[in-house]
Amino acid sequence: MAADGGSFSLQLPCVFSPKSRQYLALCAQDGRLRIWNTDSKTLHQEYVPSAHLSATCTCIAWGPCRTVKEGPQRKKRKSEAVQVEEKADLLAMGTAAGTVLIYSTAKGSLHCTLDGGHSGGVNCVQWHPEDSLLYSGSDDTNIMEWDLQTGKTRSKWKADRAAVTSLCVSPDGKLLLSAGQIIKMWDLATKEVYRRFTGHSTAVTTLRFATTRPPDSNGLYFLSGAAHDRLLSVWQVREDGKDKNSVVSFTLTDEPQNIDLVASNSKEEAVRLAVVCKDGQLHLFEHYLNGPCRKPLSPLCTVQMTDTKDSPAPIPLLAAGLCADTRNMLVAYGNYLQPVMEKVEINTAERHVCLTRDVQTSLSLSMETSVSKVKIPIVNAKSRVLVPGLPGHQAPVKGMSLGSEKRKKDTDTKEMSIAERLGEINLSAVSTEKGTAKGMASLQTDNFAVLLVQGLESNDASILNKVFQTRKEMVIKKTVARLPLPAVLPLVEEITKRLQGHPFTAVLMVRWLKAVLMHHTSYLASLPDLVAQLGVLYHMIESRVKVFHKLTKLHGKLYLLMTQVATSDNSNVVADVDRTAKLVYEDESSEDEASGDDGLPDDDDSDNWDEEEEKLVDETMEEDQEEDENPDRTELKTNGEDDVEHENESEEE
């Protein structure tokens, strides 16, 4: 399928319905499934999955055509019996969350959900041509076989060591091709490997059977295409098993994105192949598969599309479908959100065909009225509608036509020139006047949004500097919230440039970046090339975060060092010591003890003793002061006095 391997490339699934090519199913960047009618070139149905942003659609596959009962009908007579036409109804969608959604175009709603089988994202889905079976391959390296009648798994087996990126069932429903980097052919009856094919260095994204012959007749061929590979390889399933190398290769200008082919039923019938590459070109091939071919085959015809401007730009082709008529072909080109379908007649005699189309006029397509569920009420001019508020307050509801007529009359009567309008605008006077009333309109945040858009479009540094100098959080949030979506990416690029400058401006830019990520994350996540556009910002933030860890370590060490220095300085500063004696101890001499033992002293002796006692007190006070000044000397003196006292005591004895 064209959409196989969706998680390995940024291509979006886009597939035509089988046989009649009546519908085109595609999933755009917003995650919605849109089904377009190729006959009326209008949107037929639109389905929004519940998790279209978190679990995006990665692959699409149409089921085999079947007869659909659209509702109860009366029983027809034999004369009125008409052959019932088989239509494409069921559509399988694989998601990045590991579930498979089955959508019914006849009902216009979800038919069933197949979940619980895969632990990784689904890369490819493939229908069985006869039975109501579905096969899916995932990143978890497993293949699931689903029974749509019960909605449960019938079998599950490990296909490869790497992720399964592509699947294809043989036309007879007996063989299954699976591929990661190695292509394996499985027998569906026994679930065993029938053959192995190696030759691709990258993940295989495309597998298609090219013939409808049985495998034991040396006539079964299939083709494969890989990511970042400009060749389509054709493999032959030989009876003797000597099929290690590809037999034919088709050259392309880029990696294949969408493939449609008409298989050959015999050797005399050629294989018709239409390949849409990633660069938007269409290549047509026609070849008889009768054995190996040494040289790579170049396309029979290459188709490109351009617009009708003075300097023509290429218009990318999205998908192509081969018709029963060899000259006609159905192509889809333009934008995924609103593609243009057209049946083109191509002259294959020319090697290169360039088609010119006016995309602007082609994109103005009308949508079917059955799709739109919005009903416009018919309002009478005389009717009155009650408005919440004061009781009895009524306001007439007027149609849009009356308002438009009044606007036209006002514009016809008075028209001011641009110079007059600019002269009346004086924003500085409004902000500087002190006596302005409270009801006067000041510079609002929507003006900042307009200025920001103008500055981004004109790349005017002065306007951008004025807007980015605001520091109010509410002003920044409201300005970013009112920005149009096309201005978000230029704003992020401008913020990235300014973040690389001076740190003072980087502090201001971080607030703007935070507001952008808070309001427009869903839009940024829907961009396919988001990683390439925000790579510079991501690397810059990562480098600054790495430096931040080192700075925090250095800050901690410096803080510890400074606190130690401060504590050491505080310990060295000591207050002045109070040198006054808190307590004085008086010791009595041994002579007083002796005199006390002999008897009571005389009166004269007592008077002398009082005088001597006063002298001793004065001497002790002076000695204490000398001891405080010279502690070493006092120690020597005390030792000497003790010795003298001991000698006196011995003499007295």
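Of the listed peptides 161-169, 457-465, 97-105, what is their order by residue-averaged count of other C-beta atoms within 10 Å, with the highest listed first?
Numbers: 161-169: 22.4, 457-465: 12.3, 97-105: 20.6.
Descending packing order for the listed peptides: 161-169, 97-105, 457-465.
Enumerate by residue number the GluC sites (Glu not before Pro) in the stretch 228-335 meeting two conditions: DSSP loop (anything except H, G, I, E, B), and at most 10 other Cβ atoms within 10 Å of the site's Cβ.
Details: sites: Glu239, Glu268, Glu269, Glu286; in loops: Glu239, Glu268, Glu269.
Sparse-neighbourhood loop GluC sites (Glu not before Pro): Glu268.
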Which of Thr211, Thr580 is most accessible, then next, and so on - probe 1.4 Å | Thr580, Thr211
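Would you work out the charge dipole size for the stretch 448-546 about its Cα centre, treating the Cβ of every Lys and Arg as +1 and the Cβ of every Asp and Glu as -1, and quote it to the nearest 20 debye? The partial results should precede the final answer.
Working: 12 positive and 7 negative charges, 102 e Å.
I would put it at about 480 debye.
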Along the stretch 472-477, Karplus-curve 3J(HN,Hα) (6.51, -1.76, 1.60; θ = phi - 60°) to the nearest Hz, with x for Gly and Pro, reads 6, 5, 5, 5, 5, 5
Phi-based couplings in Hz for the stretch 42-50 (Karplus 6.51, -1.76, 1.60; Gly and Pro marked x) = 10, 6, 8, 8, 9, 10, 10, x, 5
Per-residue HN-Hα couplings for the stretch 141-150 [Karplus 6.51, -1.76, 1.60; θ = phi - 60°; Hz; x = Gly/Pro] | 6, 10, 10, 10, 10, 9, 9, 6, 6, 9
Please list 542-550, 251-259 highest first by mean number of surrounding beta-carbon atoms within 10 Å per residue.
-> 251-259, 542-550
Local net charge near Leu534, Cβ-Cβ under 14 Å (Lys/Arg +1, Asp/Glu -1) | -3
Residues with amide H under 5 Å of Ser138's amide H, sequence separation 5 or more or different chain, H placed in the peptide plane at 1.01 Å from N; which?
-> Asn123, Val164
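What is the packing order of peptides 194-205, 300-311, taking the mean over residues of other C-beta atoms within 10 Å and listing the highest first?
In descending order of packing, they fall as 194-205, 300-311.
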Unsatisfied cross-links (Cα-Cα over 25 Å) in the set Lys244/Lys267; Lys174/Lys295; Lys242/Lys278; Lys244/Lys295; Lys19/Lys242; Lys466/Lys497 | Lys174/Lys295; Lys242/Lys278; Lys19/Lys242
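With a cap of 10 neighbouring Cβ atoms within 10 Å, and only residues DSSP puts in a loop, list the trypsin sites (Lys or Arg not before Pro) found in the stretch 224-267.
Numbers: sites: Arg230, Arg238, Lys242, Lys244, Lys267; in loops: Arg230, Arg238, Lys242, Lys244, Lys267.
Qualifying residues, ordered by number: Lys242.
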Taking the dipole of the stretch 448-546 about the Cα centre (Lys, Arg +1; Asp, Glu -1; charges at Cβ), the one of Met540, Trp512, Leu489 that reaches farthest to the positive side is Trp512
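Where in the stretch 269-301 are there trypsin sites (Lys or Arg not before Pro) that are in a DSSP coil and have at most 15 other Cβ atoms within 10 angstrom of their Cβ? Could you put the intermediate results ahead of the total?
Details: sites: Arg272, Lys278, Arg294; in loops: Lys278, Arg294.
Answer in residue order: Arg294.
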Taking the dipole about the Cα centre of the stretch 181-253, with the C-beta of Lys and Arg at +1 and of Asp and Glu at -1, give me whichever of Trp235, Ala189, Asn218 is farthest to the positive side.
-> Trp235
Tell me, what is the percent relative contact order of the stretch 448-546, built from C-alpha pairs under 8 Å that lie six or more residues apart?
-> 25
Relative contact order (%) - the stretch 205-297, alpha-carbon pairs under 8 angstrom, separation at least six = 24
Cβ-defined net charge surrounding Leu261, 12 Å radius [Lys, Arg +1; Asp, Glu -1] = 0
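The values are calculated or read from the model by the stated rules, or taken from the named source; none is laboratory data. Owing to the predicted nature of the structure, the values given are computational and were not obtained by experimental measurement. Note: ideal-geometry Cβ built from the backbone for every residue, glycine included; neighbour counts use all protein chains shown. All accessible areas refer to the heavy atoms of the entire protein, side chains included, with ligands and DNA or RNA removed. Shrake-Rupley method; radii C 1.70, N 1.55, O 1.52, S 1.80 Å.
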